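Down below is the structure, laid out as structure tokens.
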Amino acid sequence: MFDEIRFNTIDRLPGYVFAQINDLKLAARHAGDDIIDFSMGNPDGRTPQHIIDKLVESAQKDGTHGYSVSKGIYKLRLAICNWYARKYGVTLDPNTEAVATLGSKEGFVHLAQAIMNPGDVAVVPDPAYPIHAYAFMIAGGNVHKFGIDYNEKYELDKEQFFTKLKKVFKESAPKPKFVVVNFPHNPTCVTTDVSFYEELVAYAKEERFYIISDIAYADLSFDGYETPSIFQVEGAKDVAVECYTLSKSYNMAGWRVGFVVGNKKLVGALQKIKSWFDYGMFTPIQVASTVALDGPQECVDEIRATYKKRRDVLVESFNNAGWPMEKPQSTMFVWAKIPKVAAHLGSMEFAKQLLQEAKIAVSPGIGFGESGEGYVRIALIENENRIRQAARNVKKYLKSLEGLQE
């Protein structure tokens, strides 16, 4: 009925590629299969006890159950600014340069809706976490993509990045107003350094565009690598905002706590649009989040160590199983090229066969964009014993493919 009434925003959105894997995964589990699940970046660990305790304490108070503040209570915004001061030596104003969000994804989407005009262009390197591109499409804008280049250590090729970015600005009409960067990168695990942000900030001022930086995996860095912030660059607040989430660093994915900080114009736009959309997250969650950010950080060290150990076990065991891959310096993922014996399958069919034949769920690279084809993303959300079992399953599956090609 009413076929003439179209929902243009929904029509612009493709089917969610990962839904196919999820459907197969659920069907396999309903059939009794034990699926080793590396498909989603959903932390399996418990939220640190001192954070839970603060949530419970706050929830016991009568005054914490009403509407909250859409931009986040002052103490949480202050804790966000304190976190930046400790970690990066950056000074932020909790009133005008910080806003708490319902996870970083909600903040990103609402920021795009607040700042994007119909027909505006945003630049999003490819592959990408899907919402980095589709947030702008949902807002009525357009997205220009280009593939990112990196070496075997998952380090960004900065020269190629800026060559491609400058080509976009030379050829695009209208000229882009926004550029998204996400390092450490999801899904590729690619990292960069402060010099990259120095060049990017300078170019933003030259070409007059805003930068949206996502550092969701800032704390999950290994082997001496430390994630930089764009605000370590002088003058970055003139042109940039940065997003972060407590989901990974503190095992608080289901709590939905994140924030956006930086440029007053963009932060102010997000604060304003959120005042129309929501009344903020549950106050006890905000109170507990201040304890997460301001409290002891040994829990973050332990969480980081867990992911590092899982990374080491997965890369070693999968290499021994006949699937070559390198160790990333950051994130909770391994971005792995499809083994040669399975390269003809493509990432989607390979992911389906891994699930059906090896009982392992991964995310197909094509789900993150065209440049993701030929790869899969493996999330480090299973324990070491399960990882080793997955490697044994992979070895049998790859052997079966070799037999088919003989």
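Bear in mind that the values in this text are calculations on the coordinates, not laboratory data. Just so it is clear, the structure is predicted and the values come from calculations on it, not from any experiment. Cβ sites come from the backbone with ideal geometry, for glycine too, and all protein chains shown count toward neighbours.
General remarks:
- Axial C-alpha extent at least 18 Å, average Kyte-Doolittle at least -0.5 - helices from the chain (DSSP): 17-30, 74-88, 103-115, 194-207, 264-277
- DSSP-defined beta bridges in the chain - what % are antiparallel, rounded to 5: 50 percent
- Residue separation of D53 and E316 scaled by 0.36 nm, minus their Cα-Cα distance, works out to 90.9 nm of gained length.
- Note on K170: lysines with a C-alpha under 16 Å away, same-chain residues under 8 apart excluded, are K145, K205.
- For the chain, averaging the sequence separation of C-alpha pairs within contact (under 8 Å, six or more residues apart) and dividing by the residue count gives a relative contact order of 24 percent.
- Over 32 Å between alpha carbons, listed pairs K164/K309; K248/K274; K25/K309; K164/K337; K105/K167; K164/K264: K164/K309
- Helix-derived mean residue ellipticity, 222 nm - over the chain, DSSP H n ≥ 4, -39500 (n - 2.57), to 500: -14000 deg cm²/dmol
- Rounded to 5, the percent of DSSP beta bridges in segment 171-310 classed as antiparallel: 40 percent
- Summarising the strand pairing of segment 97-183, around 10 percent of its internal DSSP beta bridges are antiparallel.
- Contour minus Cα-Cα distance for N22 and E349 (0.36 nm per residue): 116.3 nm
- Listed peptides 20-28, 249-257 by packing density, highest first (mean Cβ within 10 Å): 249-257, 20-28
- Classified by the C-alpha gyration tensor, segment 314-383 has a rounded form. Its axis ratio a/c, with a ≥ b ≥ c, is below 1.5.
- Checked against a 18 Å cut-off, the cross-linked pairs K153/K396; K177/K265; K352/K395; K71/K272 give Cα-Cα distances beyond that limit for K153/K396.
- Largest-first ellipsoid semi-axes for segment 181-271, taking √(5λ) over the Cα gyration tensor eigenvalues, angstrom: 22, 18, 9
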